[in-house]
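Please read the structure below before turning to the comments.
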Amino acid sequence: MDRLRTLGSAVALALISVATLGDAAVAQTAEPNDYGDPASWLCLPGRDDACAIDLTTTVVGRSGSLTTEAWEADPDAPIDCFYVYPTVSRDRGGNSDMTAGPEENGVVRSQLARFGSKCRIFAPLYRQVTLAGLFSQRPEGGLGYGLGYDDVLDAWNHYLENDNEGRGVVLISHSQGSAVLIRLIAEEVDGQPVQDRLVSALLFGQSVEVPEGEVVGGSFQNIPLCQAAAEIGCTVTYASFRSTLPPENAVFGRARPGMVAACTNPGALGGGPGALDAYHSSRSIVGGDTSTEWTDPPSAIETEFVRTPGLIWGECVSRDGHSYLEVTVQADRTDMRADDIPGDLSLGGGGPSAQWGLHLIDISVAMGNLLDIVESQTEAYLRR
């Protein structure tokens, strides 16, 4: 099946349409948010909110067989997850408001909610740099600075003081959210007493820097890269690209001189290639739908999520100044599934933009692996 799959065309349209809104920016108040107010959170434990959704999945086997995989959250999970979402807001102006729209509510479907089977989920709303703001008024110092960072820091401190109660915590983020968390971890966690509660940091779609050949240093001085599933207090990080060579102007996988962008393959933390256990969604991270035929001949799939064991492999590679997770679809004549996966960002309807890689699916492309890693890390943390 030779098809062009461009999950994220809605993202491209959003980028194009909001690029002209910078001049109409609505001034944002700098008053601190009240994170004691549940309305300041996108997801909280035990609440009927954006994370309380149906994650039933259709598993597509090599023969084209379809089976249903049920899912449920664990209200008694022994650890917590604290999540900062990527750039999704279409609000007018440079910073978003504190009202969750379809974009904020939708991004947790593919990136976060499934972690509810392993941890209690805390996801603050924050006044992030909007899609419009990326073109008009990015804060000095980058996306890890400004009003959005201040909000997440306030939310983190509120969580620690009122909800954590000494529990282990996994920090999860993507894109702009990772820029925010990389700074927060460096300034508020790394080498601080609270580091003892860090189960792991899962930071995607931004560069966590390390000296070449090293697993610590650079962005963090005391928090190494994860090299085994049962290792705790470490970082899993990567930006994903297809196995075709990324262009020289690739947005992700770059670092400052003397450093490299760290890459840890969730399918093989110790190095080398490994199978990626993806949970594909029919929705892009900022809304919109796309249809994909997952079997040949096509079969009707009723669930929003699709899992394709053994179809995708990943390996961390370094080429032309970029370090990234290279994603390969293992299609062959005996496999009755799709010979490609969705995940490319298309700009202006002109086809996939290779410089962005598989940014839209950085997390979902290895969701099953990440869940297994968090489960192993939780067991190790509790034994400690």
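The values are calculated or read from the model by the stated rules, or taken from the named source; none is laboratory data. Given the structure is predicted, the values throughout are model-derived calculations rather than measurements. Positions of Cβ are generated from backbone atoms using ideal geometry, with glycine treated the same way; all protein chains shown enter the neighbour counts.
Structural remarks
- Filtered by the rule that a residue be surrounded by fewer than 20 Cβ atoms within 10 Å (Cβ to Cβ) and over 30 Å from residue 54 (Cα atoms), the range 233-249 gives 243, 244, 245, 247, 248, 249.
- Applying the set (1) at pLDDT 90 or above; (2) polar (S, T, N, Q); (3) surrounded by fewer than 19 Cβ atoms within 10 Å (Cβ to Cβ); (4) in contact with a strand residue (DSSP E or B) (Cβ under 9 Å, 6 or more places away or on another chain) to residue 376 leaves exactly one unmet item: (4).
- Search result, residues across the range 244-285 that are within 20 Å of the chain's Cα centre (by Cα), small (Gly, Ala, Ser) and modelled with pLDDT under 95: 250, 253, 255, 281, 282, 284
- Answer from 201, 179 - the residue that is part of a strand (DSSP E or B), free of Cβ contacts under 8 Å to residues at least 60 places away in the same chain, within 28 Å of residue 250 (Cβ to Cβ) and touching a Leu at 6+ places or on another chain (Cβ under 9 Å): 201
- Qualifying positions in the range 179-238 - charged (D, E, K, R) and in contact with a strand residue (DSSP E or B) (Cβ under 7 Å, 6 or more places away or on another chain): 190, 197, 209, 212
- Filtered residues of the range 297-344 (kept if acidic (Asp, Glu) and either assigned to a strand (DSSP E or B) or under 22 Å from residue 71 (Cβ atoms) (or both)): 302, 304, 315, 326
- Number of positions in the range 58-98 that are hydroxyl-bearing (Ser, Thr, Tyr), over 21 Å from the mean Cα position of the chain (by Cα) and either crowded, with 18+ Cβ neighbours inside 10 Å or at pLDDT 95 or above (or both): 3
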